[in-house]
Amino acid sequence: MSGFNRREWLASLAAAATASPSTLASAAQDRDRRRSQPSKTSLALEDYEPKSMLHVPETKVARARFPVIDFHTHLSWSARRNQGERARFNATPGEALAVMDRKNIRTMVNLTGGYGPVLEENIGYWHKPLPNRFIVFTEPWFNKITEPRYPKFQADQIARAREVGARGLKVTKALGLYLREGVTSGSLIKVDDRRFDPMWEAAGAHKMPVAIHTSDPEAFFLPIDRFNERFEELNAHPDWSFHGKDFPSNRDVQEARNRIMARHPRTQFVVLHVGDAEDLGYVSECMDRYPNMHVEIGARIGELGRQPRAARKFFDKYQDRILFGTDAVPKGFETPQQVFVDALYEIYYRFLETEDEYFDYAPAPKPPQGRWRIYGIGLPETILRKVYYENAVRLLGLTD
Ligand SMILES: [Zn+2]
C-alpha cells in the first residue's frame, strides 16, 4: 500500500457513506489533484541505509569450525622514513593474537613483508617470536627495475628472503597497473614481462608460493557513472579507477598473468581476490587450464555471496585449490570490508558455514563495495577443512 495514506482512505470511506454521487465525484477529483502534486522527498544515495525487512535466521558464528590460516593479511606496510625504508606495523603481535584466539585463527600470513632490511625487521617482529602464528612473505624490489642486472638480482633476493625466513612472494596489482619503465613514468610494464621470469622460477625452486594480485573488480575498468555497480566506492576513491588513460583492460591483465602461470608450471600461484570474482566461469576455465593456479577469497565474499549457487559449485569443484583469506588490515576502518576486527571474521565464517540469507558482507552500516547483500553457501566439513587450513598447510609446506 505504499503511497497510499491510510487516514485519507478511512476518511474517504466515511465521506462516501454519507455523500451524494455528485460530491463523491468531486472528492475523487480532489484526491487525484492532490496525488498529482509532487510530494517526493529527495534523499542522497549516500544517506540511504535501508534495513532489510526479511525475517530470516541469523546465525552468529563466533569461531570458525576448524582452525583457520588467514592467507591474506597486511599486518605491516613499508614506509619511507628519512633515509631508507622501515616497516610500519599496523598492530602489535599481542593485539593480533587477541583477535586470532577469539576467532580460532591459528596463523596469519602477513603478505606485505617488504624486502631487504624491512623484510628482516618484519620477520624479527612477527615470525621469529611466534613462528606458528605469523608467517611473512617478501615482495619484489620494483624500484630497481631500471637496473640492467635486475632479473638476476631479483631472483637472488628470493633465495635470500627464503634464507632469512620468508615463506612466499607477494606481488601487488602494481605489476600491470602502476609499475612503469621509469618506475613511476614511461609506459606500463606488463605482468608477463620477461625480466621477472627468473623471479617466478626462483620462487618455485625455493617452494615459495606466489600470492599475486592482478587487476581489480571489473567495475573499476568502467566509467564512474550511474551504470557503474560500484559507483559509491569509486566516487569515494576515484584514484581506484583504471578506466581510460593507458590502462589495459581487465581481461588483458588476467591473460598476462595466465601466461606466467603457463610459463612457470613448477611455481605455485595463489591468485588473490579469486582473480575475477564477478566471472566464475572465466576463473574456472583458468583453473582447468593451469594446475598450478589456486585462488584466495579475500575481500570478495561480496561477489561470491551474491551468486551463492555458482559459488557453491565452484567450491565443490576446486575445493583443493581455494584458500581462506580476508585482506585484513588492522585499524583499516576506511575499508570496512577488510578491517581486522572480530565482526569481519564472523561474516566470513557465516558465509562459508551457514545457509543464512541476505546479510551484510562487511561490518559497516552501508555495503562499502556495492549495494547488495549476500547468502551463505553452507560448505560441508571436508571442504571447510581444506579451505580453512589444509590447502594452505600444503602450499606453505607446514608440518600439519
Ligand atoms: Zn591485500
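Computed from the coordinates by the stated procedures, all read-outs in this text should not be read as laboratory data. No experiment lies behind these values; they were computed from the predicted model shown. Cβ placement follows ideal geometry from the backbone for every residue including glycine, while neighbour counts extend to all protein chains displayed.
Relative to the current alpha-carbon distance between Ala44 and Asp225, full extension at 0.36 nm per residue lengthens the span by 63.6 nm. Annotation: peptides 182-190, 100-108, ranked by per-residue average of other Cβ atoms within 10 Å with the highest first, follow the order 100-108, 182-190. In this structure, the pairs whose alpha-carbon distance is over 19 Å, taken from Lys103/Lys128; Lys245/Lys366; Lys51/Lys313; Lys128/Lys173; Lys144/Lys190, are Lys103/Lys128; Lys245/Lys366; Lys51/Lys313; Lys128/Lys173. Computed packing ranks the peptides 209-218, 56-65, 274-283, 42-51 as 209-218, 274-283, 56-65, 42-51, most packed first, by mean other Cβ atoms within 10 Å.
Quick check on segment 62-129: take the gyration tensor over C-alpha atoms, sort the square-rooted eigenvalues as a ≥ b ≥ c, and tell me if it's rounded (a/c under 1.5), prolate or oblate. Cα axes put segment 62-129 in the prolate bin.
Along segment 117-134 the Karplus relation, 6.51 cos²θ - 1.76 cosθ + 1.60 evaluated at θ = phi - 60°, assigns HN-Hα couplings of x, 5, 4, 5, 4, 5, 5, x, 7, 9, 7, 4, x, 9, x, 7, 9, 10 Hz to successive residues, with x for each Gly and Pro. When only the Cβ of Lys, Arg, Asp and Glu is charged (+1, +1, -1, -1), the dipole of the chain relative to its Cα centre reaches about 280 debye. DSSP finds beta bridges in segment 68-396, and of those with both partners inside it, around 30 percent are antiparallel. Above 38 angstrom, tally the Cα pairs of the chain and express them as a % of all pairs, no decimals. Pairs farther apart than 38 Å: 27 percent. With the biggest extent put first, the Cα atoms of segment 54-184 measure 61, 39, 28 Å across the principal axes.
Just tell me which aspartates and glutamates come within less than 20 Å, Cα to Cα, of Lys317; anything on the same chain fewer than 8 places away is out. Filter leaves Asp276, Glu278, Asp279, Glu285, Asp288, Glu296, Glu303, Glu353, Glu355, Glu381, Glu390. 3J(HN,Hα) along segment 241-253: 7, 10, 8, x, 6, 9, 6, x, 7, 3, 5, 4, 5 Hz, from the Karplus curve 6.51 cos²θ - 1.76 cosθ + 1.60 with θ = phi - 60°, whole Hz, x for Gly and Pro.
Compared with the dominant Cα axis of the chain, that is its longest principal axis, helix 93-103 is turned about 50°. Computed from backbone phi with θ = phi - 60° and the Karplus coefficients 6.51, -1.76 and 1.60, the 3J(HN,Hα) list for segment 345-360 is 5, 4, 5, 4, 5, 5, 4, 7, 9, 10, 10, 4, 10, 6, 10, 5 Hz; x is used for glycine and proline. With coordinates expressed along the principal axes, the C-alpha atoms belonging to segment 300-373 extend over 35, 23, 18 Å, beginning with the largest.
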